[in-house]
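This report concerns only the one structure given below.
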Amino acid sequence: MQRLLNRPLIEVRTPGGALIDLKPGDYIDRIVLRSGFYEPEVFTALAGFFAPGAVLWDIGANFGLHSMAAAAREPALQIH
């Protein structure tokens, strides 16, 4: 759909190293393009619970930015 609307995706590397495609016209994507992350305070609050075998349920994930960053920080974290 992005190609049909002539709106290119922008490939960005997350702080954790994952590559994602962002749509500059989308609200959250614009924030990530501008600041590098979305709701960093939420991620910081959760990060204290990341440990091998812990479980993260990313309910309502937009495109999974928090999940990708969590997986990069703690590879043994179970993410659903």
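The values are calculated or read from the model by the stated rules, or taken from the named source; none is laboratory data. Nothing here was measured: the structure is a model prediction, and the numbers come from that model. Every residue, glycine as well, gets a Cβ built from its backbone with ideal geometry; the counts of neighbours run over all protein chains shown.
The set of residues in the stretch 55-68 that are surrounded by 15 or more Cβ atoms within 10 Å (Cβ to Cβ) and aromatic (Phe, Trp, Tyr) contains only Phe63.
Which of the residues that make up the stretch 22-80 are among the charged types (D, E, K, R), outside any helix (DSSP H, G or I) and closer than 30 Å to Pro8 by Cβ? Matches in the stretch 22-80: Lys23, Asp26, Glu39, Asp58. Against the test of being among the basic types (Lys, Arg) and at pLDDT below 90, the options Arg7, Arg30 yield a single qualifying residue, Arg7. Here Ala71 meets each of (1) touching a residue at least 40 places away in the same chain (Cβ under 8 Å); (2) exposed (fewer than 12 other Cβ atoms within 10 Å of the Cβ) with one exception, condition (2).
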